[in-house]
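Undergrad: What follows is a structure written as structure tokens; I'll ask about it next.
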Amino acid sequence: RHVKNNGKNELVVYNSNFHNQDKERHIAMSFQSALENGEFYLCYQPKFNLHTGKIDSAEALIRWESPVHGFVSPAKFIPIAEKNGFIFDLTKWILNEACRQMKIWQHDHHLIERIAVNISAPMFLSDRLIEIVKYTLQAHDLNPRHLELEITETSIMQQFDNALNVIDALKKEGVSISLDDFGTGVSSLTYLKMLPIHILKIDKSFIDDVHTSYEDKALVEMIIQLAKLFDLTVIAEGVEKVEQLNVLKELGCDYIQGYFISRPERAEVLNAHYGRREYKS
Ligand code: C2E
Ligand code: MG
Ligand code: MG
Ligand code: MG
């Protein structure tokens, strides 16, 4: 609610919530046609291996250019898609598109050998996910080791036992699982110990001041040590400066991701910047 002076010295209360709901409904109504009209596309943000000094994987991030709503950020429309159920069709499309691109990269001996796809809670907790993942990998004749799924702590904690079963099944399938936005949720160390995941992604909020704040550096160091204890690969997200990179390297972080290495870009842009890996026959 916003209280505004309408210029006549009367206070008018606007219920901005009403307008937001209207806007959300409008966005939700555009989803299906947006998918059919090809308004969605994927950008890819490289993951840089600090040990090898090379990019070897990337995260797929959805983009939406709507002729009606303009550019809509995924942070805005993904929660709406989760609420109205469109997330199922959208995730199927994203998985298919990411695997299609990964197959091209694999065929071209590109540096990027693994593609990560973000999976929302409703999709992750549905019994259809494993079937969809298997089907999509088969459709593109792609080995599961080329696919990684990013899930958040929060979605795991919603239904822990269910989530555990899904992760187990995906792991058996050969797909890698990473825990996204780590540190922002409420999962306890006990839970982390029980999760058969492979990768831990430290949330950007811990990385922002890692080079200037003693406390944040100590926190990140603890998270990295924790990851090592559980035999997990650890990635820092949102690295924008070389100073942050240097601290993370010193702390033994395995990977970094962020604007310092590259913004999320369309595949063609990445291909122009980063070529093929050396082909060894
Ligand atoms: P996320 O999965 O944690 O992705 C990281 C976000 O941080 C991305 O924003 C990325 O562009 C941004 N980012 C990366 N490096 C930097 C940096 O150095 N500085 C700054 N300021 N930002 C950086 P984006 O693409 O807007 O996505 C936001 C969130 O929306 C994602 O957070 C994810 O939760 C969700 N999302 C994006 N694409 C998808 C998708 O395909 N499926 C699902 N389910 N969710 C998605
Ligand atoms: Mg992510
Ligand atoms: Mg993240
Ligand atoms: Mg994040």
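Undergrad: In Å, what Rg and Dmax follow from the Cα atoms of the chain?
TA: That works out to 20.5, 80 Å for Rg and Dmax.
Undergrad: What do you get for Rg/Rh over the stretch 208-281 if you use C-alpha atoms and the Kirkwood form of Rh?
TA: Details: Rg = 15.0 Å, Rh = 13.9 Å.
On the Cα set of the stretch 208-281, Rg over Rh gives 1.08.
Undergrad: What is the log10 of I(q)/I(0) for the stretch 133-281, computed with the Debye formula using one identical point scatterer on each Cα and no solvent, at q = 0.12, 0.20, 0.21 Å⁻¹?
TA: -0.60, -1.27, -1.31
Undergrad: For the stretch 63-213, report the accessible area per residue in Å² (1.4 Å probe, heavy atoms, rounded to an integer).
TA: Averaged over the residues of the stretch 63-213, the accessible area is 44 Å².
Undergrad: Rounded to whole Å and ordered largest first, report the semi-axes of the equivalent ellipsoid of the stretch 125-166 derived from its Cα gyration tensor (root of 5λ).
TA: Values: eigenvalues 106, 26, 10 Å².
Those come to 23, 11, 7 Å.
Undergrad: How much of the DSSP beta bridge set in the chain is antiparallel, as a percent to the nearest 5? Write out the running numbers ahead of the final one.
TA: Working: 21 of 43 bridges.
The antiparallel fraction comes to roughly 50 percent.
Undergrad: Considering only protein heavy atoms and a 1.4 Å probe, what is the carbon-and-sulfur percentage of the accessible area of the stretch 75-157? Don't jump to the answer; show the numbers that get you there.
TA: Working: 1720 of 3430 Å².
Percent of accessible area from carbon and sulfur atoms in the stretch 75-157: 50.
Undergrad: Treating the beta-carbon of each Lys and Arg as +1 and of each Asp and Glu as -1, no other charges, what is the dipole magnitude of the chain about its Cα centre, to the nearest 20 debye? Show your work: numbers first, answer last.
TA: Working: 31 positive and 39 negative charges, 66 e Å.
The calculated dipole for the chain is roughly 320 debye.
Undergrad: Could I ask something else about it? If I take R0 = 41 Å and measure r between the Cβ atoms of residue 273 and residue 169 in this structure, what FRET efficiency does the formula 1/(1 + (r/R0)^6) give, to the nearest 0.05? Mind showing how you got there, number by number?
TA: Numbers: r = 36 Å, r/R0 = 0.89.
Approximately 0.65, to the nearest 0.05.
Undergrad: Sticking with this structure for a sec: Could you calculate the FRET efficiency of residue 250 with residue 198 from 1/(1 + (r/R0)^6), where r is the beta carbon distance between them and R0 is 22 Å, rounded to 0.05?
TA: Working: r = 24 Å, r/R0 = 1.07.
Once rounded, the FRET efficiency stands at 0.40.
Undergrad: Continuing with the same structure: Using R₀ = 41 Å, calculate the FRET efficiency as 1/(1 + (r/R₀)^6) where r is the Cβ-Cβ separation of residue 240 and residue 32; round to 0.05. Don't skip to the end; give the middle numbers.
TA: Numbers: r = 37 Å, r/R0 = 0.89.
That gives a FRET efficiency of 0.65.
Undergrad: I'd like to know which of 196, 179, 162 lies farthest towards the positive end of the charge dipole of the stretch 154-197, counting +1 on Cβ of Lys and Arg and -1 on Cβ of Asp and Glu.
TA: 196
The values are calculated or read from the model by the stated rules, or taken from the named source; none is laboratory data. The structure displayed is predicted, hence computed values, not measured ones. For neighbour counting, all protein chains shown are included, and Cβ atoms are generated from backbone atoms with ideal geometry for every residue, glycine included. Protein only, heavy atoms only, side chains kept; ligands, DNA and RNA dropped before computing areas. Shrake-Rupley method; radii C 1.70, N 1.55, O 1.52, S 1.80 Å.
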